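Input: a single structure, listed below in structure tokens.
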Amino acid sequence: MTDRPIFLDNNSTTFPAPEGVEAVLPLFGEIYGNPSSTHSFGQKVRHEIELARENVAKLLNCKTSEVVFNSGATEGNNTAVYAALDGMPERKHIITTRVEHASVLEVIRYLAEAGYRITELSVDRLGHIDLDELKNEISGDTALVSLMWANNETGVISPINAAGDIAKQFGALVHVDAVQAAGKLKIDLKEELAIDYLTISGHKFHGLKGAGALFVRESAPFLPLIRGGHHEDGRRAGTENAMGIVAMGAAAALVNRNLDKHIEHMKKMRDRLQGGLLAKCEDVIINGDQMDRLPNTLNAGFKYIDGEALLMMLDAADIAVSAGSACKSGSMEPSHVLLAMNVPLSAIHGSVRFCVSRYTEEGEVDAAIDKIAGIVKRLREMSPFGHTETRQDALSAEALEKHKAYFAKV
Ligand SMILES: Cc1ncc(COP(=O)(O)O)c(C=O)c1O
């Protein structure tokens, strides 16, 4: 048992590794120069940044010259999409998936207004794309195939290699959002040769918020999104976030040394949580493929209750999770990922994402199981509607209509 709050929301952000925080401390003191300055003050910071670049390059197994530091994955994803399209001016088609993060999906949907034809690949009930659909949709007009390595809501892992090979047969560029893969799966860009651009974000693997890295393969076209300086070899202007970069470098070094151990621990904690919840709660479904899944993620649908209510009661009980639907202007907005997977609305509304980390302890998992089971039972007893799916379906009928109307158009 544990008395401290329990953080089971590690796909949203993570505990900063103490080793990274320690590595950053001198930058709040004597090491404070501008890394672009040629004097010794600046060069000390430059040295720290270049050490971080080596660790990040090792994390990705790529060249240091292929690592561009930035503010995080939202910037990285935007940059990669625009760079690819600029490099293929004669092509006007983009392929992505319905389950991407908003930082990919919204920029690509915006490009539809600029005249691009967009294909959003569907996913099956387990959250997988269909490679045959990709083969049918891709053509010599496809500039970019953008897909995530692992989904942030369900943890489902995409067939990056196979999809990349198909894209290459048509000469398309490939972007991979690897935000949830870093620190949880092995990434090897000397093996995954089809990938031209790949994004990661420090705070998702125990670094700090506001620092990320974009891998740009030496052979890939590039266009800076942010101009106004020669930083990052002219690829991303602006004085570097030295603290964030150094913390990300330290976090990468820890992953480089211990990934297998971290994976084993996360998997053990996640499986313990999953087993305990299934044993103690009735009417629970697991959303997404349980095999091809990140080692830390469990997306569980508790039938007949609202995930938001569960989230709030868990928060009051000092357990942090995130819900599969969010309350927006009075109606329930279901997760676009679970909708795309055709999860019944009644299950989406009761869906909660639990994500452990390498720091999660057995005692925390056991305490969480007991508290969650108790709250689920109480919520079901409190519901004036009892065990009925129709109420929750009605709650988001409007949102479902919007979703259907959107896909009728693309
Ligand atoms: C899959 C995925 N891509 C991109 C992002 C955006 O990352 P950042 O917070 O670094 O902008 C997130 C963050 O939740 C994510 O989960």
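The values are calculated or read from the model by the stated rules, or taken from the named source; none is laboratory data. Remember, it's a predicted structure, so these values are computed and weren't measured experimentally. All Cβ positions, even for glycine, are placed from backbone atoms using ideal geometry, and neighbour counts span all protein chains on display. Each accessible area value is taken on the protein alone, full model and side chains, heavy atoms only, with ligands, DNA and RNA left out. Shrake-Rupley method; radii C 1.70, N 1.55, O 1.52, S 1.80 Å.
Structure notes:
- Index of the failed condition, LYS92 passing every other in (1) surrounded by fewer than 19 Cβ atoms within 10 Å (Cβ to Cβ); (2) within 17 Å of the chain's Cα centre (by Cα): (2)
- For the range 315-337, a residue qualifies if it is at pLDDT 95 or above and either open to solvent by less than 10 Å² (accessible area, probe 1.4 Å) or of a type in the set (Val, Ile, Thr) (or both), and the qualifying residues are ILE319, VAL321, VAL337.
- Residue check, GLY210 more than 25 Å from PRO89 (Cα to Cα), among the small types (Gly, Ala, Ser), surrounded by fewer than 21 Cβ atoms within 10 Å (Cβ to Cβ) and assigned by TED's automatic domain parsing to the domain that holds SER65: yes
- The set of residues from the range 1-19 being within 16 Å of the ligand (Cβ to nearest atom) and either in a loop (DSSP other than H, G, I, E, B) or farther than 15 Å from VAL321 by Cα (or both) comprises LEU8, ASN10, ASN11, SER12, THR13, THR14, PHE15, PRO16.
- Every residue from the range 119-135 that is among the acidic types (Asp, Glu), under 23 Å from GLU106 (Cβ atoms) and open to solvent by 20 Å² or more (accessible area, probe 1.4 Å): GLU133
- Flag if ALA112 is away from the ligand (no atom under 14 Å from the Cβ) and part of a helix (DSSP H, G or I): yes
- Single condition ALA300 does not satisfy, out of (1) over 14 Å from ILE375 (Cα atoms); (2) aliphatic (A, V, I, L, M); (3) part of a helix (DSSP H, G or I): (3)
- Residue list for the range 56-97, filter: charged (D, E, K, R) and more than 14 Å from the ligand (Cβ to nearest atom): LYS58, LYS63, GLU66, ASP86, GLU90, ARG91, LYS92
- Any hit, the range 66-75, residues being free of Cβ contacts under 8 Å to residues at least 24 places away in the same chain, of a type outside the set (Phe, Trp, Tyr) and open to solvent by 30 Å² or more (accessible area, probe 1.4 Å): no
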